[in-house]
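Where a number appears in this text, it was derived from the coordinates with a stated rule and is not lab data. Nothing here was measured: the structure is a model prediction, and the numbers come from that model. Using ideal geometry, Cβ is built from the backbone for each residue, glycine included, and neighbour counts are taken over all protein chains shown.
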Amino acid sequence: DSGVTQTPKHLITATGQRVTLRCSPRSGDLSVYWYQQSLDQGLQFLIQYYNGEERAKGNILERFSAQQFPDLHSELNLSSLELGDSALYFCASSVEGAMDGYTFGSGTRLTVV
Amino acid sequence: DQQVKQNSPSLSVQEGRISILNCDYTNSMFDYFLWYKKYPAEGPTFLISISSIKDKNEDGRFTVFLNKSAKHLSLHIVPSQPGDSAVYFCAASAVRGGTSYGKLTFGQGTILTVHP
């Protein structure tokens, strides 16, 4: 157990639907990062939150949004889902920056049918 | 634009031999590099890192080498063990640039298989 909890582990949904992925960071970590891993791809940075505020944005689609709550857990909302959104979505947390690397959760596998 | 590339999708080595995983980057702002290991159904786990002020960092069986002029880094595993079989990702960050805020850019990964 890495200390970063992601739920659900698996999600199957239809095109056009909306889903919410949840992440609880490791205790003491203020930064939360979301990454997407599609088939045969590396991890693509989506967005980062630090202590409740958006800090950096990557190649995140407009159909996707995220937020970090006062208790520091984060949610990634994916709407108007398309087949191409099928991927592994990882959440990671860190105290600050990446000097010692992140701690990743085990991911949520999203399948859009 | 793939700023971090791992050109070998897979690597197969015999137990006890050396495994060498390679990674190239294009962004000259990158100044901190990391390797992650990933087993199936798990998230990536941090393995070893190196700052651009160094050209080598060692941790047990794992050594990372950085060649800044060539924009190339490699991970050496000696001796390789069957338990090392996993996907290895290299990642890079522009820390001193002040705007990365910890964002990591990952390569596509290399599947390492260590045969007994």
For the range B:4-115, what value does the Rg/Rh ratio take when both radii are computed over Cα atoms and Rh is the Kirkwood radius, given to two decimals? 0.96
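From the mean inverse distance of alpha carbon pairs (Kirkwood) and the Cα radius of gyration, derive Rg over Rh for the range B:1-55.
On the way: Rg = 13.4 Å, Rh = 13.5 Å.
Dividing the radius of gyration by the Kirkwood radius yields 0.99.
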Calculate one ³J(HN,Hα) per residue across the range B:59-75 by plugging θ = phi - 60° into the Karplus curve 6.51 cos²θ - 1.76 cosθ + 1.60, and present them in order as whole Hz with x for glycine and proline. 8, x, 7, 10, 9, 10, 10, 10, 10, 5, 5, 8, 6, 9, 9, 9, 10
The summed charge of the B:His72 Cβ neighbourhood (under 14 Å; Lys/Arg +1, Asp/Glu -1) stands at +2
Computed on Cα atoms, the radius of gyration and Dmax of chain A in angstrom are 13.1, 39
Can you list the residues, at least 5 places off or on another chain, whose amide H is less than 5 Å from the amide H of A:Ala66, using H built in the peptide plane? A:Asn77
Please check: in the Gaussian network model of chain A (C-alpha springs, under 10 Å), which one of A:Asp40, A:Asp85, A:Asp29 has the largest mean-square fluctuation. A:Asp40
Descending Cα extents along the principal axes, the protein assembly as shown, whole Å: 48, 39, 34
